[in-house]
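To keep things clear, I will list the structure first and then write my remarks on it.
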Amino acid sequence: MKKTVALLVGMGFAVLLWVLESQRGVAAQNENQNESSVDRAIDNHAHYFLAQGKQIFRFDTFGDEAFWGDTLKLHQAIEGAKLGGVGLGVSPATGLAVGLKVDVDALPSNLITALQQGHVNLNDPATTLALLKLNSVVGVTGFFNDQGTLRGVGIQCAFCHSTVDNSLAPGIGHRLDAWPNRDLNVGAIISLAPDLTHFTDLLGVDANTVRTVLATWGPGCFDAELTKDGKALRPDGKRACTLIPPAFGLAGVNLHTWTGFGSVPYWNAYVGVTEMGGSGTFFDARLSDPTQYPLAVKDGSFNVRGVPDLITPKLAALHFYQLAIPAPKPPKGSFDAEAAERGKDVFNGQGKCSGCHVPPLFTEPGNNLHAPSEIGVDSFQADRSPTHMYRTSPLKGLWAHTQGGFFHDGRFATLNDVVQHYNSFLGLRLNEQQVHDLVEYLKSL
C-alpha cells in the first residue's frame, strides 16, 4: 500500500513537472512569437524607409519646380529659342561642362550603343530634352507639356550630393549617392536663369551683380547663407561659398554641416525649403536675428509654412536613407598600406588627431564643435552660423572628396597641407616621414 501511494505521489509530481515545463514552453513560444512580430515590424519599417528615402533623395523635387521653373524660368534657358525657350539652350555638352551628370542605368540600350559609337549629337539642346524625358539627368527633373516642350524644371537632393562613376564616359555612369558633386557649378547654372528678380529684390542689387557673385563660386562650391545674411564675399575679397560636403558615413555623427547649424533632418528642411525652393515647413528662431541674418528676417525664411507641406512628411525616410549610406572604401593600391599602418600610430599618438577625430566615428561623440581659435583658422564662415563654431568633420571616405581641397572652403589643397597646418599650429613636431605616414593613413580611411 505504501509503495502504491509513493508511486502515485511520484507520478503526480512528474505530471506536475511536465505541466509546468509545458506551460513554460508555451510561454517561451509565445514570447518568441511576440519578439518575432516586433522584429518583423522593425525590419519592415526599416526596408520601407530605406526604399522611400532612396526614392526621395534621387527623385523628389518637393514641388521646387515652382521656384526653378515658374520663378527663375530656368527651363526656358535649357530649351533655347529654337525649341520654344530663350537663348542658345543647354546642350548635353554644356550640361556636362557645368557638372551635370547622366545616370547610365536610366538610358535604353540602343542609346548607350549610340553614345559609345559617337552617334548622339551632344551639342543639341534637343538631346538634353530627350535625356530629361528619360529622367536620366542626376538630380534634375523636367516637366513637359502635351507638345513635348518644357513647362518647368525642378531639382532633388541628388543634384549636389550625387555623382556618377564615369563608367560610360566622363559625366555618364552609375549613380554614386551621397558623393559630393565637386564638378557642379551651381552658380553658373543659376546664372542661366532668364529671371533673377527673386535674388535682385532680396539682395537689393541688379542682375549683373547677382551673376558676378554667382561666378565667384566655381565648381563644387555653394553659398547656403547668402540669402540669409547677404554676405557675397569674404572681407578679404575671396569667395564666401563653402564646398559641397559628402553626405555618406554620417551615421552616429551629431552635427552634419561645416559650422554645426544642425543635423541631417535640419539641413534637409533648411535646404529643401529655403535653398531649393520646395514647399514645406522650416523654422529656426536663431535666424530671426536682424543683425546677423537681415535677409532671413526680410523674407521670413526663418519661419516658413508652405502649403501643401511636401517636405516634412518625407524627412524621416530621407534621414534614414542618408544615414544608411556608408563611406566608400578606398580603391586597392590607392595608398601605401605599410605607411598607413605607421600613420595610424601617429594619428592616435603624437599627431593628437584622435582626440577630436575619435575612432571609429572620426568625430567627437557628443557636441562636435570647436571655436575657430582652436583649429587655427579665421572665423568668417563660423560667424555666419548661429554656433559661431566649426564642426569636427568625420574622416571616412576622405579619398572620395579630395577634389576642391579640404576644410569648409577648400583652403588646403591636399591632405599634406592639412597635416602641415596642424603640425605647425599645434606644435606637434612631426618629421617628414611621420607626416607622410599620417597622410597615407588618412587616405586609407
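The values are calculated or read from the model by the stated rules, or taken from the named source; none is laboratory data. Keep in mind that what you see is a predicted model, and the values were worked out from it rather than measured. When we count neighbours, we look across all protein chains shown, and the Cβ atoms used for this are built from the backbone with ideal geometry, even at glycine. Accessible surface is based on the protein model in full, side chains and every heavy atom, while ligands, DNA and RNA are left aside. Shrake-Rupley method; radii C 1.70, N 1.55, O 1.52, S 1.80 Å.
Just wondering, is there one or more residues in region 326-338 that are touching a Lys or Arg at 6+ places or on another chain (Cβ under 9 Å) and under 20 Å from Trp267 (Cα atoms)?
yes
Spot the failing condition for Phe335; the list is (1) in contact with an Asp or Glu (Cβ under 7 Å, 6 or more places away or on another chain); (2) under 30 Å from Arg234 (Cα atoms), and only one is missed.
(2)
When you go through Phe320, Phe335, Phe283 one by one, which is the residue that is over 23 Å from the mean Cα position of the chain (by Cα) and open to solvent by 50 Å² or more (accessible area, probe 1.4 Å)?
Working: Phe320 fails: over 23 Å from the mean Cα position of the chain (by Cα); Phe283 fails: over 23 Å from the mean Cα position of the chain (by Cα).
Answer to the check: Phe335.
Of all the helices (runs of 4 or more DSSP H) wholly in region 165-219, which have at least 1 residues that are without any contact (Cβ under 8 Å) to a residue 24 or more places away in the chain and open to solvent by 40 Å² or more (accessible area, probe 1.4 Å)? Please lay out each step first, then the result.
Numbers: elements: 186-191, 197-203, 207-217.
Per the criteria, 197-203, 207-217.
Looking at region 261-280, is at least one residue in a loop (DSSP other than H, G, I, E, B), under 30 Å from Pro330 (Cβ atoms) and either open to solvent by less than 30 Å² (accessible area, probe 1.4 Å) or of a type in the set (Phe, Trp, Tyr) (or both)? I'd like the intermediate steps shown before the answer.
Initially, region 261-280 is screened for residues in a loop (DSSP other than H, G, I, E, B), giving 261-263, 275-280.
If we keep only those that are under 30 Å from Pro330 (Cβ atoms) too, we end up with 261-263.
Checking the rest, the ones that are also either open to solvent by less than 30 Å² (accessible area, probe 1.4 Å) or of a type in the set (Phe, Trp, Tyr) (or both) come to 261-262.
Within region 261-280, one or more residues are in a loop (DSSP other than H, G, I, E, B), under 30 Å from Pro330 (Cβ atoms) and either open to solvent by less than 30 Å² (accessible area, probe 1.4 Å) or of a type in the set (Phe, Trp, Tyr) (or both).
Of the residues Ser373, Ser385, which is of a type in the set (Gly, Ala, Ser), open to solvent by 30 Å² or more (accessible area, probe 1.4 Å), out of contact with any Cys (no Cβ under 6 Å at 6 or more places or on another chain) and at pLDDT 95 or above?
Numbers: Ser385 fails: open to solvent by 30 Å² or more (accessible area, probe 1.4 Å).
Exactly one of Ser373, Ser385 is of a type in the set (Gly, Ala, Ser), open to solvent by 30 Å² or more (accessible area, probe 1.4 Å), out of contact with any Cys (no Cβ under 6 Å at 6 or more places or on another chain) and at pLDDT 95 or above, namely Ser373.
Would you please list the contacts, defined by Cβ atoms under 9 Å and residues six or more apart or on different chains, that run from a residue in region 242-253 that is among the basic types (Lys, Arg) to a residue that is open to solvent by 10 Å² or more (accessible area, probe 1.4 Å) and at pLDDT 95 or above?
Short answer, once both residue conditions are applied: none.
Can you say whether Gly306 is open to solvent by less than 60 Å² (accessible area, probe 1.4 Å) and in contact with a helix residue (DSSP H, G or I) (Cβ under 6 Å, 6 or more places away or on another chain), as far as the supplied structure shows? Write out each step before concluding.
On the way: open to solvent by less than 60 Å² (accessible area, probe 1.4 Å): yes; in contact with a helix residue (DSSP H, G or I) (Cβ under 6 Å, 6 or more places away or on another chain): no.
So Gly306 does not fit the description; no.
Do we have any residue at all in region 366-379 that's under 19 Å from the mean Cα position of the chain (by Cα) and touching a residue at least 24 places away in the same chain (Cβ under 8 Å)?
Taking region 366-379 as the starting set, the residues that turn out to be under 19 Å from the mean Cα position of the chain (by Cα) are 368.
Narrowing the set further to residues that are touching a residue at least 24 places away in the same chain (Cβ under 8 Å) leaves 368.
Among the residues of region 366-379, at least one is under 19 Å from the mean Cα position of the chain (by Cα) and touching a residue at least 24 places away in the same chain (Cβ under 8 Å), which makes the answer yes.
Taking helices (runs of 4 or more DSSP H) that do not extend beyond region 52-138, which have at least 3 residues that are in contact (Cβ under 8 Å) with a residue 60 or more places away in the chain and in contact with a strand residue (DSSP E or B) (Cβ under 8 Å, 6 or more places away or on another chain)?
Working: elements: 74-79, 92-97, 109-116, 125-133.
Correct list: 74-79.
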